[in-house]
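Read through the structure below, which is laid out as structure tokens, and then see the notes.
The values are calculated or read from the model by the stated rules, or taken from the named source; none is laboratory data. Being a predicted model, the structure only gives us computed values, none of them experimental. Here the Cβ is made from the backbone with ideal geometry for all residues, glycine too, and neighbour counts use every protein chain on show.
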Amino acid sequence: MSRTELIEGALTRSIIGAFYAVYNDLDFGFLEHIYKAALEKELRARGHRVDREVRVVVYYRGEPIAVQIIDMVVDGKVVVEAKSTAEVRPAWGRQLQNYLCATELEVGLLLHFGLEAKFYRVVDLRSRKGRKTNCDTDLTDSTNSTDRSVANDGTIRQEQ
């Protein structure tokens, strides 16, 4: 039986491991910037390059219109967005989708330092199709691969 390899699989596994290490030490209840600082420290200890508050220019019809700030980019390959609220908000999946659309990166992780640790993996499918105008992404919750997906509008939904 052949196994499908995830895009940036080894890197995302390492980031997710760092996420759980931070969550297991700090648990739930701190402000977001505290988790980001701890995650950056943990990722650097694991030998990764971490760029924080990365500025990305957003274009409309070829013209720059705004600058978006991404929480962090790890090893120049994976966008990481960290959240620290009790519940996951539906718009976060779309936010991460848009970050990937604004960059040349293919993979993003949404790390939720909530009442329980959860992560979502987003893959930008445009890069596999030649980077067309539309941004097609796939959002999966690898915490429990059967219970979450992304709707066409980019919101996180619960599967029955």
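Miscellaneous remarks
- Taken over the stretch 7-37, the residue count meeting the criterion of being outside any loop (DSSP other than H, G, I, E, B) and surrounded by 20 or more Cβ atoms within 10 Å (Cβ to Cβ) is 8.
- A search for C-beta distances below 8 Å between a residue of the stretch 112-125 that is in contact (Cβ under 8 Å) with a residue 24 or more places away in the chain and any residue that is of a type in the set (Lys, Arg), counting only pairs 6+ apart in sequence or on different chains, returns HIS112/LYS83; HIS112/LYS118; PHE113/LYS83; GLY114/LYS83; TYR120/ARG148.
- Meets criteria (at pLDDT below 90, touching a strand residue (DSSP E or B) at 6+ places or on another chain (Cβ under 8 Å) and surrounded by 21 or more Cβ atoms within 10 Å (Cβ to Cβ)) for GLY108: no
Results for (1) closer than 21 Å to ALA117 by Cα; (2) exposed (fewer than 13 other Cβ atoms within 10 Å of the Cβ); (3) touching a residue at least 40 places away in the same chain (Cβ under 8 Å), shown as yes or no for each residue.
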{"position": "VAL54", "(1), (2), (3)": "no, no, no"}
{"position": "VAL67", "(1), (2), (3)": "no, yes, no"}
{"position": "MET72", "(1), (2), (3)": "yes, no, no"}
{"position": "THR85", "(1), (2), (3)": "yes, no, no"}
{"position": "VAL88", "(1), (2), (3)": "yes, no, yes"}
{"position": "ARG94", "(1), (2), (3)": "yes, no, yes"}
{"position": "GLU104", "(1), (2), (3)": "no, yes, no"}
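- Filtered by the rule that a residue be in contact with a strand residue (DSSP E or B) (Cβ under 9 Å, 6 or more places away or on another chain) and either part of a loop (DSSP other than H, G, I, E, B) or over 13 Å from MET72 (Cα atoms) (or both), the stretch 38-48 gives a lone residue, HIS48.
- The conditions of being out of contact with any Gly (no Cβ under 7 Å at 6 or more places or on another chain) and over 18 Å from LEU105 (Cβ atoms) are met by ASP25.
- For the stretch 130-145, the count of residues that are closer than 30 Å to ARG61 by Cα, at pLDDT 50 or above and part of a helix (DSSP H, G or I) is zero.
- Tabulated pairs, the stretch 37-52, first at pLDDT 95 or above, second in a helix (DSSP H, G or I) and basic (Lys, Arg), C-beta under 8 angstrom, 6+ apart or interchain: VAL50/ARG44; ARG52/LYS36
- Unmet requirement for ALA45, which otherwise passes all of (1) over 23 Å from VAL88 (Cβ atoms); (2) under 19 Å from the mean Cα position of the chain (by Cα): (2)
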